[in-house]
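Input: a single structure, listed below in structure tokens.
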Amino acid sequence: YPFASLGDWEIMNFLLTSRLSMRAIDEFLSLHLMNSLPLSFSTAKELHSHAEMLPSGLHWNARVVPTTHPMKSPVTLYYHDLLDCVESLFNHPLFVQMMDYLPSHLFTTAECIVRVFMEWMSSDGAWDLQV
């Protein structure tokens, strides 16, 4: 998303990171070879509108950290907001099929003697939160 395939993404990435003008991109996309490819865009304007649909990414925050000793320049801490990071992960389209929302128990055999802990959703803490 918002591109039809990996090839679609690779051509878009190449065109947008090259320093080609919009006119040069339009000329490139109008080539007979490019018209034979199943691209989701056919003009530079469509290409840019697809690129604008991509998530912008997280924004950096900055805070000057007070120090007890004199410094030549202020100490600045750069960080991301934790909730923005979690929201970004949960909204990322590549992780949709990989997210677990239900706690689970996994055992090595059908007799349920030895329990296997793979990730947090298989822990007792996940089960305790459900109550």
**OP:** Over region 6-72, with every protein chain in place, what whole percent of the accessible area is carbon and sulfur at 1.4 Å, could you tell me?
**Re:** 61 percent
**OP:** Starting from the residue with the highest accessible area, list 90, 3, 28 in decreasing order, probe 1.4 Å.
**Re:** 90, 28, 3
Original post:
Once phi is turned into θ = phi - 60°, what whole-Hz ³J(HN,Hα) does the Karplus curve with 6.51, -1.76 and 1.60 give for every residue of region 85-102, x standing for Gly and Pro?
Top reply: 5, 5, 4, 5, 5, 5, 8, 6, x, 6, 9, 4, 7, 9, 7, 9, 10, 10
Original post:
Hey, what did the chain get for relative contact order, percent, Cα under 8 Å, at least 6 apart?
Top reply: 14 percent
Original post:
Between 95, 107, 14, which gets the highest mean-square fluctuation from a Gaussian network model of the chain, Cα cutoff 10 Å?
Top reply: 107
**OP:** Quick one: order 46, 119 from most to least accessible surface, probe 1.4 Å.
**Re:** 119, 46
**OP:** With springs connecting C-alpha atoms under 10 Å apart, model the chain as a Gaussian network and identify which of 71, 53, 22 has the largest mean-square fluctuation.
**Re:** 71
Subject >> Positive-end residue, the chain charge dipole about Cα centroid, Cβ charges, pick of 49, 125, 105 >> reply: 49
**OP:** Give the accessible area for residue 76 in Å² (nearest 10); use a 1.4 Å probe, count only protein heavy atoms, and leave out ligands, DNA and RNA.
**Re:** 50 Å²
Original post:
Are there trypsin sites (Lys or Arg not before Pro) in region 34-111 that DSSP puts in a loop and that have at most 13 other Cβ atoms within 10 Å, and which ones?
Top reply: 72
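The values are calculated or read from the model by the stated rules, or taken from the named source; none is laboratory data. The model shown is predicted, which means the values in this text are computed figures rather than measured ones. For neighbour counting, all protein chains shown are included, and Cβ atoms are generated from backbone atoms with ideal geometry for every residue, glycine included. When the accessible area is computed, the model is the full protein with side chains, heavy atoms only, and any ligands, DNA or RNA have been set aside. Shrake-Rupley method; radii C 1.70, N 1.55, O 1.52, S 1.80 Å.
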